[in-house]
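**Student:** Got a structure here, written out as structure tokens. Questions coming.
The values are calculated or read from the model by the stated rules, or taken from the named source; none is laboratory data. From a predicted model like this one, the values you see are computed outputs, not experimental measurements. No Cβ is skipped: glycine too gets one built from the backbone with ideal geometry, and neighbour counts run over all protein chains shown.
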Ligand code: SF4
Ligand code: SF4
Ligand code: FES
């Protein structure tokens, strides 16, 4: 009689709570660096933007963030670097952190804006003389240009305003985000972006070439040509609207 050959002792399955948990392969630890946020030191990932670093450090940004893509100008930031006397400026959402950065956020730049009726202004230098006389105190130091995160020729558009060259101001200030960083650095206390806005309004109202297509479409709107379709669209469900949108004719 042969005894039944015993196989090797079987391993008992570990109770579920003792089974090793499968984990995803560990990412190598991120390179970190030190920045100072509101005067307090924080270690943050070296590849973070200033905005990302602030949030990584545990702060919730309630003012001073909008588009997060460098378009809205809400996240103006000033900073200094170790061993460097200069004040630097940037947008928190697009500027990367650097070792030892001392950061200050400027969600609002104090600036008064005159109220005016564009219909009562003339498209020449008098509009700037009346509304922004401080531009004539510009000392041509170019500090505003150096502060601009959009790399605009800010001093040049102020100089163009002084000459009453509205088209030039409009052109040079077109990509302004109204972040206000130029205004906080200007020794003549000029609020550049408001000067740019005035020029663009004057240009649009008085100097831009008229578009016959636009005039025609405005007339059609006045005559309620599209009211029926507009009403129909207002009653549509989201999916129907999407379908209509993608099926539209584009030139
Ligand atoms: S011109 Fe001034 S307000 Fe405009 S984007 Fe440049 S720094 Fe900001
Ligand atoms: S910072 Fe002010 S004073 Fe200096 S160039 Fe610009 S507008 Fe002129
Ligand atoms: S959040 Fe809009 S420009 Fe930075």
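**Student:** Among the residues of the stretch 62-76, write down those that are surrounded by fewer than 17 Cβ atoms within 10 Å (Cβ to Cβ) and more than 14 Å from ligand 1 (Cβ to nearest atom).
**Tutor:** If the condition is that a residue be surrounded by fewer than 17 Cβ atoms within 10 Å (Cβ to Cβ) and more than 14 Å from ligand 1 (Cβ to nearest atom), then 62, 63, 69 are the ones that fit.
**Student:** Based on what the data block shows, is residue 107 away from ligand 2 (no atom under 16 Å from the Cβ), under 22 Å from residue 45 (Cβ atoms), in a loop (DSSP other than H, G, I, E, B) and in contact with a strand residue (DSSP E or B) (Cβ under 9 Å, 6 or more places away or on another chain)?
**Tutor:** Numbers: away from ligand 2 (no atom under 16 Å from the Cβ): yes; under 22 Å from residue 45 (Cβ atoms): no; in a loop (DSSP other than H, G, I, E, B): yes; in contact with a strand residue (DSSP E or B) (Cβ under 9 Å, 6 or more places away or on another chain): yes.
Here the answer is no, as residue 107 does not meet what is asked.
**Student:** What are the residue pairs meeting all of these: first residue in the stretch 175-192, first residue in the same structural domain as residue 140 (by TED's automatic domain parsing) and under 11 Å from residue 152 (Cβ atoms), second residue within 11 Å of ligand 2 (Cβ to nearest atom) and part of a loop (DSSP other than H, G, I, E, B), Cβ atoms under 6 Å, and 6 or more apart or on different chains?
**Tutor:** 182/148
**Student:** Those residues that are touching a residue at least 24 places away in the same chain (Cβ under 8 Å), surrounded by 13 or more Cβ atoms within 10 Å (Cβ to Cβ) and not in a loop (DSSP other than H, G, I, E, B), I need them from the stretch 110-143; list them, please.
**Tutor:** 118, 125, 127, 128, 131, 134, 135, 136, 143, listed by residue number.
**Student:** Ok, one more. Among the residues of the stretch 177-195, count how many are at negative phi, surrounded by fewer than 22 Cβ atoms within 10 Å (Cβ to Cβ) and more than 9 Å from ligand 2 (Cβ to nearest atom).
**Tutor:** Residues meeting the conditions: 3.
**Student:** Has the stretch 31-38 got at least one residue that is loosely packed, with under 13 Cβ neighbours inside 10 Å, modelled with pLDDT of 70 or more and over 13 Å from residue 103 (Cα atoms)? Let's see the steps before the verdict.
**Tutor:** In the first step, residues of the stretch 31-38 are kept if they are loosely packed, with under 13 Cβ neighbours inside 10 Å; the result is 31, 38.
Filter again for modelled with pLDDT of 70 or more, leaving 31, 38.
Checking which are over 13 Å from residue 103 (Cα atoms) leaves us with 31.
Yes, there is a match, as at least one residue in the stretch 31-38 is loosely packed, with under 13 Cβ neighbours inside 10 Å, modelled with pLDDT of 70 or more and over 13 Å from residue 103 (Cα atoms).
Table: residues versus (1) over 27 Å from the mean Cα position of the chain (by Cα); (2) within 13 Å of ligand 2 (Cβ to nearest atom); (3) modelled with pLDDT under 95.
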site: 121; (1), (2), (3): yes, no, no
site: 132; (1), (2), (3): no, yes, no
site: 137; (1), (2), (3): yes, yes, no
site: 143; (1), (2), (3): no, yes, no
site: 163; (1), (2), (3): yes, no, no
site: 173; (1), (2), (3): no, yes, no
site: 197; (1), (2), (3): no, no, no
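**Student:** Let me ask another. Just the residues that are assigned to a loop (DSSP other than H, G, I, E, B) and within 16 Å of ligand 1 (Cβ to nearest atom), please, taken from the stretch 87-104.
**Tutor:** First, the residues of the stretch 87-104 that are assigned to a loop (DSSP other than H, G, I, E, B): 87, 92-95, 97-101.
87, 92, 93, 94, 95 - these are the residues of the stretch 87-104 that are assigned to a loop (DSSP other than H, G, I, E, B) and within 16 Å of ligand 1 (Cβ to nearest atom).
**Student:** Against the condition outside the structural domain of residue 71 (by TED's automatic domain parsing) and under 22 Å from residue 95 (Cα atoms), how does residue 131 come out, does it pass?
**Tutor:** On the way: outside the structural domain of residue 71 (by TED's automatic domain parsing): yes; under 22 Å from residue 95 (Cα atoms): no.
Taking the combined requirement at face value, the residue does not satisfy it.
**Student:** Among all residue pairs at least 6 apart or on different chains, which show Cβ distances below 6 Å where the first residue, located in the stretch 64-76, is closer than 14 Å to residue 54 by Cβ and the second is within 16 Å of ligand 2 (Cβ to nearest atom) and modelled with pLDDT of 95 or more?
**Tutor:** These pairs meet every condition: 76/179; 76/180; 76/181.
**Student:** Also: Within the stretch 228-235, is even one residue within 16 Å of ligand 2 (Cβ to nearest atom) and surrounded by 10 or more Cβ atoms within 10 Å (Cβ to Cβ)?
**Tutor:** no
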